[in-house]
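Below: the structure, in structure tokens.
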Amino acid sequence: MYKYDNYDQQMVDARVEEFRGQAKRRLEGKLTEDQFKPLRLMNGLYLQLHAYMLRVAIPYGTLNSAQMSALGDIADKYDRGYGHFTTRQNIQYNWIKLEDAADILADLSKVEMHAIQTSGNCIRNISSDHFAGATHDELVDPRPYAELLRQWSSFHPEFTYLPRKFKIAVIAAEKDRAAMRLHDIGIQIVKNDAGEIGARFFVGGGMGRTPMIAPMIRDFVPLDQLVTYAEGCLRVYNRYGRRDNKYKARIKILVHELGAEEYTRQVEEEFAHLLDQGVEPPRPELERLKPFFADPPFEDGPKTVDRSDPDFALWVDRNTHRHKHDSYVSAVISLKPVGGIPGDATGEQIRTMARLAKQYSFDELRVMHTQNIVLPHVKIADLHALWTELDAAELGAPNLDTIEDIIACPGLDYCALANARSIPLAQRISERFDKSGKTAELGELKLKISGCINACGHHHAGHIGILGVDKKGKENYQLSLGGSEAEDVSLAKITGPGFDEDGVIEAVETVTDVYIAQREDGERFLDTYRRIGMSPFKEALYGK
Amino acid sequence: MGNDSFDSEAGSLGVSPDEVQFRFRDDEVADHGTVTVDACCDQTNATAVRIEPGDDARALLPFLDRLALVEVNFPTFGDGRGYSAARILREAGYTGELRAVGDVLIDQLSHMRRCGFDAFAPDKRLDEEDAVKAFATWDNVYQSAADGRKTIQELRHE
Amino acid sequence: MKILTGNDLKTGAVVWWTGNDWSIYVDDAVDVGDQAEEIMAREEAARRVNVPYSLDAEREDDGKVRPAHIKDRVRALGPTVRPDLTLKPQSPEAIDWVI
């Protein structure tokens, strides 16, 4: 994985000192809260419901065991013993003191980490495929390109006060595991007919209150123009994105209002101009980045496991992903124990995962946008030993991609923007389906819960989505069906009137019953929904 | 250019809102009254213009030769359109004074400087010491911008 | 009644206006009547509180203060999914008060 050189380290250290000064000026009263807020946000520091919250960047979701371990230590030293892995492959801490924030950033910088641009109206942490560099089905490893863009987007002088936040995802497989087309810019690394590698740009996707799927605006950008093209996309947005209404300020609204064709025309014009401006990093830089992501020294070994222990066999079936080397798999550590809080892990668990990565996965981990952790390169021969240790640390839930593997935002339990709680729903639903034993029968079923319209819980992209709203001071939940964030991307549709907490849990049960009654061979919930449409579900939920 | 010095004497000229507090130029302080972008395009003798956030900086490109001063107004510091305006002018070869005016604060100075601003006239006078520190925030930079600094990527491959 | 809340600038802790200071316990909150704006402006300027706002609440028969909106009751107690981290870790029934 990428390792900082002196320049990278200097940049992060400079930022720590800059923030230390800013926090000091705030505490001294030299900065008002209005002036300080965008500055602290650009260092990941929010003021949440109960305290300050710090979001730490995990660029393209990749980290090593020393970094993971440091995250566990921060949970214990500065927080209340736990952290929360987020849908942007980051981690956040819920109980941070402003006076500690600069010290935390300094601790992070010692392991080449930071909280730069994890919030604010700037280019956010760049996300990617959590199986990058390990999976059997990718064209190339997308992370060198993500790293190139990370450097370009860090402290970008022109794009630090954009109309609104800006999220970029980079993938390099046909399978989309990063919700690429639901980003402000989604980049797919592709090969053209001439056999050259380049970048396909999708611009103007997003979730939030106006979900949109990004249209493709360029099917092939040569690699030596990648940064320049992104700069063109951003400049058009910075100049013409709406600033009169923060709810219409995301780039998806600009692309929608101009039309993809006109937006593309403007980008192409800006791009043509920028090509002469020396924006692109020298080509050898990309070549410098690639070796950081080279394969670790894989060894041949057994390609199958002993399935005599059914619990282990179930975990292998559900929680491992096919690797490009046939003696390895990528193993997923579920942070969704039945009845637990999705994405939360204690300091001790985080250090355990770090240790296991060192022992079994060439020192590497990934954070998934589904709030789970990946050990990308695990020898099939080591799987049983790994699983035994995970199980002992309460990290062995065999429920990846099942109805128990719920994405849930922090909701009203933690978030100042939320209208309703998300976590208790996730807890009760996973308990209910685990108890009834229906989880296995339902197969792949992606349930996603957001506690407000901002959609951090990706409810628009859930096979089943739940959105919490405020109904006259009471929590109320809208159910939606048919969303997907994968390569078959689609936006979920609302079933009808909302439910209270008990009601929406019943409603989830009801729609899964419709699926079981109506499914044909091999159909997932989503497939059945797409075939039979909303009506049968509606009828079951609301009567005729 | 990261360690260039500025002429803070300009700031001692007075404390009225439009006074320049920091200036990175050796020529005389341009003291022309500014006109709007529209007026500048209409009248052939204007030598100083003020760009508001919604203005298209490219409308000025035909007149760059006669302009000695371009002010870019930041009515609120969170409106970042002025950064693009500045770079566009520098990319087009404008070499006159490029002055950031309005809600110009300490923590935006380094980025403004990178986008080509070489004079700063904040609404409220800034703490001198904090500002000096802010201008020097970045020893090196990741992006090529309007300040001509070599990027980290270029330095890596020299 | 109208009460005031905000966060402590340094620690971020949720605090409530007691009439002469800020307390982490909502039951210490007092009715500020029409003084809200004045108190908030003064306290924020003195950096004794961050991002204060006023809200409706009622004083219950036992003297306890109950904010009108669920969000403020969550603020007053702590996360309902982590009773151990709330201000009343020994009273799981406190969660029912929030909802």
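The table that follows gives values for the structure above.
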item: Magnitude of the charge dipole, the stretch A:376-485, Cβ model with Lys/Arg +1 and Asp/Glu -1, debye to 20; result: 620 debye
item: Summed residue charge, Cβ within 10 Å of A:ARG124's Cβ, Lys/Arg positive, Asp/Glu negative; result: +3
item: Euclidean distance of C-alpha centroids, the stretch A:83-102 and the stretch A:209-252, integer Å; result: 28 Å
item: Label point distance in nm, B:GLU158-A:ILE532, each placed 7 Å from Cα along Cα→Cβ; result: 6.9 nm
item: Shape parameters for chain B, alpha-carbon atoms, Rg then Dmax in Å; result: 15.3, 48
item: For chain A, Cys with no neighbouring Cys Cβ under 4.7 Å; result: A:CYS122, A:CYS233, A:CYS415, A:CYS452
item: Restraint check, A:LYS37/C:LYS2; A:LYS324/A:LYS379; A:LYS3/A:LYS110; A:LYS446/A:LYS493, Cα-Cα greater than 18 Å; result: A:LYS37/C:LYS2
item: Relative contact order computed over the stretch B:101-158 (Cα-Cα under 8 Å; 6+ residues apart), in percent; result: 36 percent
item: Cα pair distances exceeding 21 angstrom across the stretch C:2-98, given as percent; result: 30 percent
item: Rg over Rh [alpha-carbon atoms, Kirkwood Rh] for the stretch A:212-280; result: 0.98
item: Per-residue average of Cβ from other chains inside 10 Å of C:39-50; result: 1
item: Counted charge near B:ARG114, where neighbours are those whose Cβ lies closer than 12 Å (Asp, Glu -1; Lys, Arg +1); result: +1
item: Total charge dipole magnitude, the protein assembly as shown, about the Cα centre, Cβ charges on Lys, Arg, Asp, Glu only, Debye to nearest 20; result: 980 debye
item: Zone residues, the stretch A:113-134, relative to A:LYS3, backbone N less than 19 Å from point 7 Å out along Cα-to-Cβ; result: A:113-114
item: Cα-based reach from C:LYS88 at 20 Å (exclusive), listing lysines while leaving out same-chain residues under 8 positions away; result: C:LYS64, C:LYS71
item: C-alpha center-to-center spacing [the stretch A:38-67, the stretch B:137-155] in angstrom; result: 26 Å
item: Where N is the number of residues in the protein assembly as shown, Cα Rg divided by 2.2 N^0.38 Å; result: 0.98
item: Å³ per residue enclosed by the Cα convex hull of the stretch A:83-231; result: 138 Å³
item: Sites matching GluC sites (Glu not before Pro) across the stretch A:372-433 that sit in DSSP coil, with at most 14 neighbouring C-beta atoms within 10 Å; result: A:GLU394
item: FRET efficiency, C:ALA45 to C:ASP84 (Cβ-Cβ, R0 51 Å, nearest 0.05); result: 0.90
item: Net charge, A:GLU287 excluded, C-beta distance under 12 Å - Lys, Arg +1, Asp, Glu -1; result: +2
item: Theoretical FRET efficiency, 1/(1+(r/R0)^6), r = Cβ-Cβ of A:ARG428 and A:SER327, R0 60 Å, to 0.05; result: 0.90
item: Hydrodynamic radius by Kirkwood, which averages 1/r over all alpha carbon pairs of the stretch A:417-544, in angstrom; result: 14.6 Å
item: Estimated FRET transfer efficiency when R0 is 25 angstrom, pair B:ASP139-A:LYS24 (beta carbons, to 0.05); result: 0.75
item: Inter-label distance, nm, simple model (7 Å from Cα along the C-beta direction), C:TRP97/A:THR32; result: 3.7 nm
item: For residues of A:409-417, the mean tally of beta carbons on other chains within 10 Å; result: 4
item: Loop-located GluC sites (Glu not before Pro) in the stretch A:271-314, at most 16 other Cβ atoms within 10 Å (DSSP); result: A:GLU299
item: Residue-averaged 222 nm ellipticity for chain B, from DSSP H runs of 4+ at -39500 (n - 2.57), nearest 500; result: -6000 deg cm²/dmol
item: Point-to-point label distance, A:THR304-C:GLU38, nm (Cα→Cβ direction, 7 Å offset); result: 8.3 nm
item: Residue among A:VAL279, A:GLY208, A:TRP152 farthest towards the positive dipole end of the stretch A:142-289, charges placed on Cβ; result: A:GLY208
item: Exercise: per-residue mean of other protein chain Cβ atoms within 10 Å, A:313-325; result: 0
item: Linear extension gain, B:GLU128 paired with B:ASP38, 0.36 nm per residue minus alpha-carbon span; result: 28.9 nm
item: Estimated dipole of chain B in Debye, rounded to 20 [Cβ of Lys and Arg +1, of Asp and Glu -1, Cα centre]; result: 520 debye
item: Share antiparallel - DSSP beta bridges, the stretch B:54-143, percent rounded to 5; result: 0 percent
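Each reported figure results from applying straightforward, stated rules to the coordinates on display, with no laboratory input. Source: prediction; values computed, not measured. Heads up, the Cβs are rebuilt from the backbone with ideal geometry, glycines too, and the neighbour counts pull from every protein chain shown.
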